[in-house]
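Scroll down for the structure; my scribbles are underneath it.
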């Protein structure tokens, strides 16, 4: 084998009239009147290689025998294509390589799908032959983009004195949070490690250890039911700092994101990211992760419609709820009654009992509920800035339900009405989170972030007496309607941490058993600290313009947590189970294999 | 809180006469005639802070109340110490900070051990309070060194077009290699993921996918019985390349190591690393990972002693074995009979049935077996370059046993006789490995590296007929007697890979079930490829001058695979087991908790 001179996709002017050696996969072979053209592909792109009888009969014959996905090595001269042959759609389209040597390094059967973008191939087949799927230019680009992203993140953090420290994957199962993946111990029968949902406690202990600034690009594990952008394992950019304020941590995070945007997208962001309280985000967008690429905010009509004789509105208000509206500008003509019924069903997923709406026409509001609103028409029109042709959509229920329903509806309408600037990257800090959510099913408070989040200093007193009103030193970074990451200052005194566990319903013994080592550490000079964790898969997905994190993960699992390629998970040998002191209690469903 | 100006350990000339703010832990408080001195510590080191009544009575009072491990913030002026007060043992020993402000950020109980190097604290206590142990300057330095090491590795690989690509941790259990850690699937009862022992197959498939150059600093898992430098999870610098020769891969590896040595140790290595075949390493050093920092090589005396009437030698030679010797120069007087008995027991661990030895004296060889060697004395003296005062030690057995016993003995004597230059970093390539080892217990061949290692082209034919004689395109990188890493070219044709599995005793069905996806991939244009994996923990350990990888791992497990801090592994709830469809078959040993 000769040494490669350059990647196929990087052949450019600087190689003109020079001899190069390329290695790659045959994308396509064409024979035009005794001249063979091979499109040769590697991770950086494609270049055209020409074989003609004048240059080398021998090479021509070998080239002629090549098929798609053969791996070859070719050597030849980079020349300019004739004007007529220039392909402006190809990065290397002005050039071709006139080859005099070719060697077949590996042959290939016809693959189960063509290695091209925009092929109609099922996700299952793509995952089963992932090594072929990743050859597609778009997927190769995604892998390159992800590498660039992590590289930019690391350089930024390295340059700012953060230490890259690894924490254990064989950790301890804790009762808070999602379901753990467990790892049975062979040496300690009946005992299990847990794969960490995040290295939260470890990174806090690294601050106690004086490491000052820590980061890790680290895998996290959650055994939850899967959704579009969830995987059993995912990657987090995990950051923790000592002695910094929430704003200082946010500023570092912005610096990190700016470094990525510049490196990966060539976008320079110089201004600080906007900040919004959690309450404002919920009020204006019905979401704690608002997509601020478009307006169409929620409008509170509770006051405006308080005297309207419409039972749905009245009931909501009487029960302490709200009435809010969206104004879909100019959308009246685009939504039929049938469409409106579908939107009604859609908001039902978020707990809304129905979707009231009116269209704004020359002679007033029209629609099923218009008759109830007659007396309030002018006020509603004024409050919603309504104009002829607008579609007004109402939510009337508790604050939570209205926010969830209209927040989701806003995102759906934003997409359907093409209000969203697809080239924009809108970053936003959502701050001042509530400390707790009330879990009605469990009948107790749960952490909105996690139990180590520091309450606002002024709210510490209320931890025991009025948990609902406690706000936290917590902040989320939001990008285009996705939660990109979340962070907080952490509790660094034993007193507050113990009160937090009590409020969450921990018995003293349970608290000691599960978190005793953290509580002990708080006794020995635990410094003020805080940090953030960013979802790397999601960040890379958004940078790549994809809508599923599978597209930026080399070997993802499918929706049933299976790797269709290697067929993991699989059954294991009786010896393996015997050594682990385990019995399987369920009937084996062999169709799962 | 004010902003920190500089780390305590980095206060130097450039801060002189300037006002600084420091944050850190109180190492020590001293009161000298109404003036309080606090040694303040952070991850970078220690600086002395002075409080006197002239500067601030208030600050002095607070400083006086501080105890060891309190976390404080101080502000003041950096001044030069008086000549008499200069502490040449401290990096910051010429300076001190005259403080006018102090704030206690966190108080501390008296820790279970003093935060100083060279404390006599048991490993178990150190691990239980790891967050305190890591505050010790040596451990903080180790963490910094490890960060620097990974940083240098990443920069080098980034600069050489390697893509950092993540592979799954929830992978498939495979029968080859060590014991897997298993992860039960909740969704697929009776099925298990396995934590990867290495991403070997994934990285090969990334080459099939055209990623060309891959690296990952990745956790690997082996459920093996633990030894001094083993942990259940360890970290590997995992590298794979396409289209390169073994020598080219080795050259990149050398570049990587050179970059680390320069960045971390300030040592410039410009010459290429020496190469030695596996056979030569075994012949000369009795080891496949020879420590070349000292000589004392094995000397083959099989020919020299073939007529000696000593039964042990005769039997070894008759059975096809060898007689070899070590000459411990000038060591005769340092080893008593009792010492020699101990060395005899030591080599017994490596299968030797005893240790024959003689001392070289003015009037010939002396010792228990000297009488047998009388006729061969001159030849033995000549062959071993023996001089008066030398100690000759003999091994007589099969090649394997003699190599193992004398190889280990050589390392022990090298240490005891202080032959080793502790400042040296001797890198060495050991190449041309045998493809297989014969596992007498299992009655079959096992891979010396792994089943994907490519045999030497000239030996492929012998895979089926004469496995023992097949050599591999495999190479290990050795540092100071430790295996730092191992790599190889890989098989890239289905034919050879199937033959390999056959030779290893796989039934066709088993081969298909376990490795079918790899075999399939070999059909679709699998390029020539190869790589290497380096043990990061071990590399960092050697760079730090430690002798256990625990010293360079933030949160290690103890010898029983337990984390004494968090008490992982632990028992889990019946609900968790129920959801996983598992029963525990063993009696629980609660003392393990």
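Since every read-out is calculated from the coordinates, none of them should be taken as a lab result. Remember, it's a predicted structure, so these values are computed and weren't measured experimentally. Because the Cβ atoms are built from the backbone with ideal geometry, glycine has one as well, and the counts that use them run over all protein chains shown.
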Item to check | Per-peptide average of other Cβ atoms within 10 Å, ordering A:486-494, A:27-35, B:540-548 highest first | outcome: A:486-494, B:540-548, A:27-35
Checklist entry - Shape of segment B:255-326 from its Cα gyration tensor (a ≥ b ≥ c, root eigenvalues): rounded if a/c is under 1.5, otherwise prolate when a/b > b/c, or oblate? => result prolate
Checklist outcome for this item: Per the Cα gyration tensor, segment B:26-184 corresponds to an equivalent ellipsoid with semi-axes, largest first in Å, of 44, 21, 15
Checklist outcome for this item: Checked segment A:136-249 with the C-alpha gyration tensor, a ≥ b ≥ c its square-rooted eigenvalues, rounded below a/c of 1.5, otherwise prolate if a/b is larger than b/c and oblate if not; verdict oblate
Checklist outcome for this item: Here the percent of antiparallel bridges among DSSP beta bridges lying wholly in chain A, to the nearest 5, is 95 percent
Next on the checklist: What do you get for the angle between helix A:494-503 and the principal long axis of chain A? Use alpha-carbon atoms, 0 to 90 degrees, nearest ten.
Outcome noted: 80 degrees
Item to check | Rh by Kirkwood over Cα pairs, then Stokes-Einstein D for segment A:244-284 at 1.567 mPa s and 4 °C, µm²/s | outcome: 111 µm²/s
Checklist entry - Looking at the axis that maps chain A onto chain B, which chain A residue has the closest Cβ, and how far off is it in Å, rounded to a whole number? => result A:583, 2
Checklist entry - Tell me, in nm to one decimal, what length is gained between residue B:31 and residue B:245 on full extension, where the rule is 0.36 nm per residue of separation less the Cα-Cα distance? => result 70.3 nm
Checklist outcome for this item: Here FRET efficiency (C-beta to C-beta, residue B:309 to residue B:349, R₀ 35 Å, nearest 0.05) is 0.75
Item to check | Average partner coverage of B:240-251, which counts Cβ from other chains inside 10 Å | outcome: 2
Checklist entry - Can you list, shortest first in nanometers, how far residue A:366 lies from the same residue in the other copies, with each label 7 Å from Cα toward Cβ? => result 12.2
Checklist outcome for this item: Volume per residue (Å³) of the convex hull spanned by the alpha carbons of segment B:311-375 is 100 Å³
Checklist outcome for this item: proj_area_mean for segment B:535-579 (convex hull on C-alpha atoms), units nm², value 4.5 nm²
Checklist entry - Under the Kirkwood approximation for Rh and a Cα-based Rg, what ratio Rg/Rh is obtained for segment A:354-399? => result 0.95
Checklist entry - Per the Debye formula with a single identical scatterer at each Cα and no solvent contribution, what log10 I(q)/I(0) holds for segment B:113-162 at q = 0.32 Å⁻¹? => result -1.13
Checklist outcome for this item: Rounded to the nearest Å, the spacing of the alpha-carbon centers of segment A:368-421 and segment B:395-449 is 78 Å
Checklist outcome for this item: Cα gyration tensor of segment A:8-106 diagonalised, 5x eigenvalues square-rooted, in angstrom largest first, produces semi-axes 18, 15, 13
Item to check | Cα→Cβ-extended label distance, 7 Å offset, between residue A:262 and residue B:424, nm | outcome: 4.7 nm
Next on the checklist: I'd like the mean, over residues of A:160-166, of how many other protein chain beta carbons sit within 10 Å of each residue's own Cβ.
Outcome noted: 6
Checklist entry - If you take the beta carbon distance between residue B:440 and residue B:116 as r and set R0 to 51 Å, what does 1/(1 + (r/R0)^6) give as a FRET efficiency, to the nearest 0.05? => result 0.50
Checklist entry - Given a Förster distance of 51 angstrom, what is the FRET efficiency for residue A:270 paired with residue A:124, based on the Cβ-Cβ distance and rounded to 0.05? => result 0.70
Checklist outcome for this item: Rounded to the nearest 10, the angle in degrees between the Cα long axis of helix B:337-348 and the longest principal axis of the Cα atoms of chain B comes to 70 degrees
Item to check | Along each principal axis, Cα extent of chain B, largest first, Å | outcome: 90, 75, 56
Checklist outcome for this item: Shortest first and in nm, the label-point separations between residue A:456 and its counterparts in the other identical copies (7 Å out along Cα→Cβ) come to 7.5
Item to check | Separation of the residue A:67 and residue A:103 label points, Cα + 7 Å toward Cβ, nm | outcome: 2.3 nm
Checklist entry - At 37 °C and 0.692 mPa s, what whole-number value in µm²/s does Stokes-Einstein give for the translational diffusion of the protein assembly as shown, with Rh from the Kirkwood sum over Cα pairs? => result 96 µm²/s
Checklist entry - When Rg is the radius of gyration of the Cα atoms in segment A:294-420 and Rh is its Kirkwood radius, what does Rg/Rh come to? => result 0.92
Item to check | Cα convex hull of segment A:355-468, projected area averaged across orientations, nm² | outcome: 11.6 nm²
Checklist entry - With N residues in segment A:202-337, what two-decimal value do you get for its Cα radius of gyration over 2.2 N^0.38 Å? => result 1.55
Item to check | Calculated label separations, residue B:442, copies of the chain, 7 Å along the beta-carbon direction, nm | outcome: 4.6
Item to check | Relative pair counts by distance (%), Cα atoms of segment A:456-563, 5 Å bins | outcome: 2, 10, 15, 14, 15, 11, 10, 13, 9, 2
Checklist outcome for this item: Everything considered on the Cα gyration tensor (a ≥ b ≥ c; rounded for a/c under 1.5, else prolate if a/b is larger than b/c, else oblate), segment A:384-424 must be described as oblate
Checklist entry - So, by mean Cβ neighbours within 10 angstrom, what's the order for B:102-111, B:12-21 with the highest one leading? => result B:102-111, B:12-21
Item to check | Value of relative contact order over segment A:475-593, rounded to a whole percent, pairs C-alpha under 8 Å and six or more apart | outcome: 20 percent
Next on the checklist: Within segment A:185-209, list the residues whose amide N lies under 12 Å from a label point set 7 Å along Cα→Cβ of residue A:513.
Outcome noted: none
Checklist outcome for this item: Per residue of B:38-47, other chain Cβ atoms within 10 Å number on average 2
Checklist entry - What is segment A:155-302's relative contact order, in percent, from Cα pairs under 8 angstrom and six or more apart in sequence? => result 17 percent
Checklist outcome for this item: Each label sits 7 Å from Cα toward the beta-carbon; between residue A:523 and residue A:575 the label points are separated, in nm, by 4.7 nm
Item to check | segment A:252-304, relative contact order in percent, only Cα pairs under 8 angstrom and at least six apart counted | outcome: 20 percent
